[in-house]
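For reference, the structure discussed in these notes is given below.
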Amino acid sequence: MSRDTSDSAPLQSSAVIHEAVQTLRNGGLVAFPTETVYGLGADARNPEAIKKIFTMKGRPSNHPLIVHLAAPDKFDQTQVDWVPVLAPWVRDLSENALKLMNTFWPGPLTLVFKKDKSVLSDLTGGQDTVAIRAPAHPVAQELLRKFKGGVVAPSANRFGKVSPTSAADVRSEFEGELGLMVLDGGDCEVGIESTIIDLSSGDHAVLLRPGLITPKAIFAKTGIKIYQVGEVLKDLDSLPRVSGNLKAHYAPTTPLRLYAPGRVLDTLSEFPDTKSRVAVAVWDSESSLVLEDHPSIDVEEIVVSSDAATFASHLYRTLRDLDQQGWDLILFPEPPTGEEWDGVRDRLQRACFGSGPPSNNHDSN
Ligand code: TXA
Ligand code: MG
């Protein structure tokens with residue numbers, strides 16, 4: 001994983017950052033780039049500002065938000081002391097928590113802790129835990145450093161929809177919100193949301209949302225074992241409320257389905273009504289599909305990377321673009337097995353489930 005994101009991204013001028021800081025201080029919202037996806041930010045200590053996020057996203061108010069914090073000024077990892085940064089937000093910091101922060105922050109990893117009592121329940125959905133991350137993107141870092149406080153930021157998309165990975169995506173997502181300030185930091189390098197690890201139980205570190213940083217990578221670098229939810233919780237109802245846990249999420253309006261290796265035609269035959277114009281994603285490692293025999297279907301192939309991180313970095317961009325192009329159906333290949341694909345598989349499965357026009361959505365949960 002590269003820590004040094006977006007070298008080529010347009011950096012915002014200090015006047016623009018200053019205006020963004022003022023906007024946050026005045027209780028306004030600012031959309032900003034992170035290395036994963038763009039976030040819709042508000043002052044984490046201002047309940048009115050937090051309320052605006054839920055309203056603008058159309059998100060249920062009991063879904064908790066992530067607090068984003070600046071890394072301490074010194075960027076030398078061995079020098080960074082996270083304790084004072086975290087102290088105003090969390091109740092206790094374990095050795096494991098410090099190890100994870102020292103290894104992966106700033107970066108695409110979110111950690112869930114027992115919250116300090118000063119943390120507003122408006123942002124935790126009423127739970128006694130708080131999710132925190134220090135993003136690596138230089139524009140996010142500069143904004144957070146100058147703001148000198150925590151910024152809550154969900155992905156800057158309407159609830160259930162595809163997360164934005166460029167400033168233009170954010171603007172199109174919130175077209176009607178003319179006053180929204182959007183900081184431009186170029187295209188997001190990671191492309192899917194951060195990995196979330198729950199440390200709040202005090203015993204097991206539990207994976208709540210897969211991302212670029214995998215349990216295997218965490219174990220290799222820190223020796224900390226990351227458990228899957230199913231390994232530690234018998235009662236799945238006691239899971240914290242994570243909107244990414246909804247079966248339908250990250251979804252385009254065009255119907256989206258996955259096909260098993262070599263089974264494009266079989267998958268198409270399951271959709272007799274919606275197959276006149278079909279976009280089919282194919283692995284860059286595979287030769288072209290043979291669909292000429294199918295006169296009734298207008299198929300276009302989109303080549304996708306067989307490298308998991310590259311695939312992830314383009315996934316939402318590709319889904320958004322395809323969604324704009326008026327296809328009747330979008331087909332993606334099932335991601336291969338292997339932990340490095342878990343983040344992508346998770347997003348694609350939820351995107352399939354929620355895809356299609358609003359009346360077709362089966363958001364059950
Ligand atoms: O990469 C990311 O994490 C992006 C960028 C903008 O930082 N943010 C993001 O935020 O994905 P959002 O709100 O779209 O997703 C945050 C997830 C939600 O699924 C939420 O339920 C979960 O984090 N979460 C927040 N606080 C939590 C808590 N206390 N316990 C468990 N899950 C929590
Ligand atoms: Mg989101």
Would you mind finding the one in 180, 144 that is closer than 18 Å to residue 86 by Cα, in the same structural domain as residue 90 (by TED's automatic domain parsing) and either crowded, with 23+ Cβ neighbours inside 10 Å or not acidic (Asp, Glu) (or both)?
144
Among the helices (runs of 4 or more DSSP H) confined wholly to the range 250-365, which include 3 or more residues that are of a type outside the set (A, V, I, L, M) and modelled with pLDDT of 90 or more?
308-324, 342-354
Condition first: closer than 22 Å to residue 153 by Cα, at pLDDT below 95 and more than 11 Å from ligand 1 (Cβ to nearest atom). Can you find one or more residues in the range 206-227 that meet it?
no
Could you tell me how many of the residues in the range 218-228 are outside any loop (DSSP other than H, G, I, E, B) and buried (at least 16 other Cβ atoms within 10 Å of the Cβ)?
4
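Residue-by-condition table, conditions (1) at pLDDT 95 or above; (2) touching a Gly at 6+ places or on another chain (Cβ under 7 Å); (3) not assigned by TED's automatic domain parsing to the domain that holds residue 191:
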site: 10; (1), (2), (3): no, yes, no
site: 15; (1), (2), (3): no, no, no
site: 40; (1), (2), (3): yes, no, no
site: 44; (1), (2), (3): yes, yes, no
site: 52; (1), (2), (3): yes, no, no
site: 75; (1), (2), (3): no, no, no
site: 84; (1), (2), (3): no, no, no
site: 101; (1), (2), (3): yes, no, no
Could you grab me the full set of residues in the range 131-163 that are acidic (Asp, Glu) and within 12 Å of ligand 2 (Cβ to nearest atom)?
none
Any idea which of (1) at pLDDT 95 or above; (2) out of contact with any helix residue (DSSP H, G or I) (no Cβ under 7 Å at 6 or more places or on another chain); (3) away from ligand 2 (no atom under 16 Å from the Cβ) is the one residue 238 doesn't satisfy?
(1)
If a residue has to be within 16 Å of ligand 2 (Cβ to nearest atom) and either within 19 Å of residue 101 (Cα to Cα) or small (Gly, Ala, Ser) (or both) to count, how many in the range 111-130 make the cut?
2
Residue 32 fails exactly one of (1) modelled with pLDDT of 95 or more; (2) surrounded by fewer than 23 Cβ atoms within 10 Å (Cβ to Cβ); (3) within 15 Å of the chain's Cα centre (by Cα), namely (2)
Subset of the range 194-219, residues closer than 18 Å to residue 124 by Cα and small (Gly, Ala, Ser), comes to 194, 200, 201
Pairs returned, first residue in the range 104-119 that is free of Cβ contacts under 8 Å to residues at least 60 places away in the same chain, second residue that is assigned to a loop (DSSP other than H, G, I, E, B) and buried (at least 22 other Cβ atoms within 10 Å of the Cβ), beta-carbon separation under 7 angstrom, 6 or more apart or interchain, are 105/134
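The values are calculated or read from the model by the stated rules, or taken from the named source; none is laboratory data. Note that the coordinates shown come from a computational prediction; the quantities given were computed from them, not determined experimentally. Neighbour counts run over all protein chains shown; Cβ positions are idealised from the backbone, glycine included.
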